[in-house]
1. Evaluate the Debye formula for the range 182-223 with equal point scatterers sitting on the alpha carbons, no solvent, and hand back log10 of I(q)/I(0) at q = 0.15 Å⁻¹, in q order, two decimals.
2. So, counting K/R as plus one and D/E as minus one, what does the shell of residues with Cβ under 15 Å around Pro88 add up to?
3. Rounded to the nearest 0.05, what FRET efficiency do Arg251 and His103 have when you use their Cβ-Cβ distance and R0 = 35 Å?
4. Could you order the peptides 77-85, 141-149, 167-175 from most to least packed, using the average number of other C-beta atoms within 10 Å per residue?
5. With 23 Å as the cut-off, how large is the P(r) tail for the range 89-250, expressed as percent of Cα-Cα pairs?
6. Using alpha-carbon positions, what is the distance between the centroids of the range 85-120 and the range 202-233, in Å?
7. What per residue convex hull volume, in Å³, comes out for the range 70-152 when only alpha-carbon positions are used?
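No value in this document is a laboratory result; all are computed from the given coordinates. Since the structure is predicted, the reported quantities are computational estimates derived from the model, not experimental observations. Heads up, the Cβs are rebuilt from the backbone with ideal geometry, glycines too, and the neighbour counts pull from every protein chain shown.
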Amino acid sequence: MATGEPAGSNQSGTGRPGTDRTGTDQSGAGQPRADQPRADQPGAVADRIADEIFRPGGPARQQLADVLHQLGAIDRAVYEAVAEVPAPALDRAMRRLSRSANHSALWLGIAAALAASGPHGRRAAARGVLAIGVTSAAVNVGVKSLARRRRPDRAGAGVPDQRHVTMPSSTSFPSGHSASAFAFATAISRDSPWLAIGIQFVAGAVAYSRVHTGVHYPGDTIVGALIGAGAGQAVSSVLDRAIARRDDRDR
């Protein structure tokens, strides 16, 4: 017998529209919209991570701050340890090496010697000098102006007077000497790989000399070395492509 109920009315007996016989809501409430990314989609995960990192007071941001504070404490502790350990046999050599790298004079001298050695040497010298220029601009104009880390308190740390070189007026992070050293060493490795091995050791010694003489924290020199090596590699890659295009035109 007909019930007399209008078509489309609820048949579940619950009296609530949009529910099935079990009372489950079928209206779509709580379901993601078609234009809303699901939580398991890569974009949604990346967005959540980014939101968490940059959310003021969020645990990820706090954890990042804690890591940076602890790394800073280690950095200062290593600096003070180097200052406290007597090393009279190294003091004069490190002071001279540090001064020789002022304004990249050491690397420009090596580049001049390379340029006089033949075509491969000239190309290596060109790579090295260009890498120094790019790195110096990136560090001194870009990163240093943003980081604004103060120079170490050399007197407070007890760095011996016989180690002292002139304290630069620029900010401390990152080390420009270290960046230029590793940029040059990395760039010349394409054309002079065996010489570059030795230059890498000299670059490392220059980086350490900046800590030994008290003008940089160890972290400044490490980050400077990474920036320099990356810039040297980038410059070499760009030059390789330019040389390849020139050779193709000449064929």
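1. Normalising to I(0) and taking log10 leaves -0.39.
2. On the way: positive: Arg92, Arg95, Arg96, Arg163; negative: Glu84, Asp91, Asp161.
Residues close to Pro88 contribute a combined charge of +1.
3. On the way: r = 41 Å, r/R0 = 1.18.
Rounded to the nearest 0.05, the efficiency is 0.30.
4. Working: 77-85: 14.7, 141-149: 12.6, 167-175: 17.8.
Highest-to-lowest ranking by the protection proxy: 167-175, 77-85, 141-149.
5. Values: 4921 of 13041 pairs.
Looking at the range 89-250, the distances longer than 23 Å represent 38 percent of pairs.
6. The two parts, judged by their Cα centres, are 14 Å apart.
7. Details: hull volume 10.8 nm³, N = 83.
So the per-residue hull volume is 131 Å³.
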